[in-house]
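The values are calculated or read from the model by the stated rules, or taken from the named source; none is laboratory data. Keep in mind that this is a model prediction, so the values were computed, not measured. Counting neighbours? That spans all protein chains shown, and the Cβs are built from the backbone with ideal geometry, glycine included. Accessible surface areas use protein heavy atoms only, side chains included; no ligands, DNA or RNA. Shrake-Rupley method; radii C 1.70, N 1.55, O 1.52, S 1.80 Å.
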Amino acid sequence: MAASSALPVVDLAPFFADGDEGGVARATEAVREACRSHGFFRAVNHGVPSELMARALELSAAFFALPDEEKAKVRPAEGFPTPIPAGYGRQPAHSADKSEYVLVFNPKLGFNAYPDEPAGFRSCKLVCLYCVHFLLRNFNPKFGFNAYPDEPAGFRSCKLVDAVEECFAKLTDLGLLIQDILNDCMGLPPGFLKNYNSDRNFDFMSAKRYFPATEGESNNGISQHEDGNCITFILQDSVGGLEVLKDGHWVQAEPVDGSIIVNIGDVIQALSNKKLKSATHRVVRKAVHRHSFAFFFGIHGDKWIEPLPEFTDKVGEAPRYRGFLYKEYEQLRVRNKTHPPSRAEDVIDITHHAI
């Protein structure tokens, strides 16, 4: 059952203006209330250019429109040294979810190897498509491991390379801003979350294409779930289908040009002792393909996650979660995707660590 109410809207403009302390306070309170009530909100005036977001979605659609044999060339290699297999993938046939995706890590990690050829790789249009095709294997741009070819001519100057890296950088900046806002929302010492979660090497981005709805299937684009990370950003095309569970009803996160859907994940829910909400959400397939980008603002795998004293000892409340090492939790969650359990009750989520 879907509810007619919309997601909360938060205007982040005051954070980009000098001296608007009242606006900052109101926006911070709006984020706090949204994270308590929905775990989701729609951000506007967020600092990510609308034309960049549109270009990223166009780039994604161009890649997924390639023939399957071309997309298969960017499947992750055996033993590829990434936290999660990077590159192109598709949900297994037995999965209830019906989508294909490409995982993009910070391009500066540079695990990517770009081709010296291929034959016919000459026109600007083909250069652009192959920029998409191979750049989508990237990790964090700042690590500088990427090897861009000298040939074909024009590859280095292709604006699509810049588009992907710029999008990653802008969403990283937005993640840092939202993290600072959450720090204030949670009443933590200034700079606590910034210092606690300072390593940006574990952020990644996923381009997705959801297949059209079909008769006789559940029409899951992605089954209901919560995100395991800190903060997630969703850029989506005009098709729709993202829904958020609120008080037993599904709230539609309708596409609105220029806006970004923001949600908090299990890490923030655990740190706040469930005061802030990692909300259940899903994607329902529509009559046509749906394209989206999800940016996952993560945390180092060696971080110990447990309810903070500000939500337990200092306020006389018992912790609602046992502490856990983040990488061990994420490994269990990744297995949900690589080896989907046959029973819903066997899916690992944050309740696995609930007390």
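Okay, here's what the table says:
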| item | result |
| --- | --- |
| Segment 208-355 shape via C-alpha gyration tensor axes, a/c threshold 1.5 | prolate |
| Of the GluC sites (Glu not before Pro) in segment 194-247, those whose Cβ has at most 11 other Cβ within 10 Å and which sit in DSSP loop | Glu215, Glu217 |
| Pairwise centroid distance, computed over Cα atoms, of segment 245-288 with segment 304-327, Å | 23 |
| Accessible surface ranking that places the most exposed of Thr232, Thr338 first, with a 1.4 angstrom probe | Thr338, Thr232 |
| Net dipole in debye of segment 191-249 [+1 Lys, Arg Cβ; -1 Asp, Glu Cβ; about Cα centre; nearest 20] | 280 |
| Dipole magnitude (debye, nearest 20) for segment 158-307, charges at Cβ of Lys, Arg, Asp, Glu | 200 |
| ³J(HN,Hα) computed for each position of segment 218-231 - Karplus, 6.51 cos²θ - 1.76 cosθ + 1.60, integer Hz, glycine/proline x | 6, 6, 5, x, 9, 5, 4, 6, 10, 8, x, 8, 8, 9 |
| Coil-residue chymotrypsin sites (Phe, Trp or Tyr not before Pro) of segment 203-259, DSSP, other Cβ within 10 Å capped at 15 | none |
| Estimated vicinal HN-Hα couplings, Hz - segment 193-207 in sequence order (Karplus 6.51, -1.76, 1.60; Gly, Pro = x) | 5, 4, 6, 5, 10, 8, 8, 8, 6, 9, 6, 8, 10, 10, 8 |
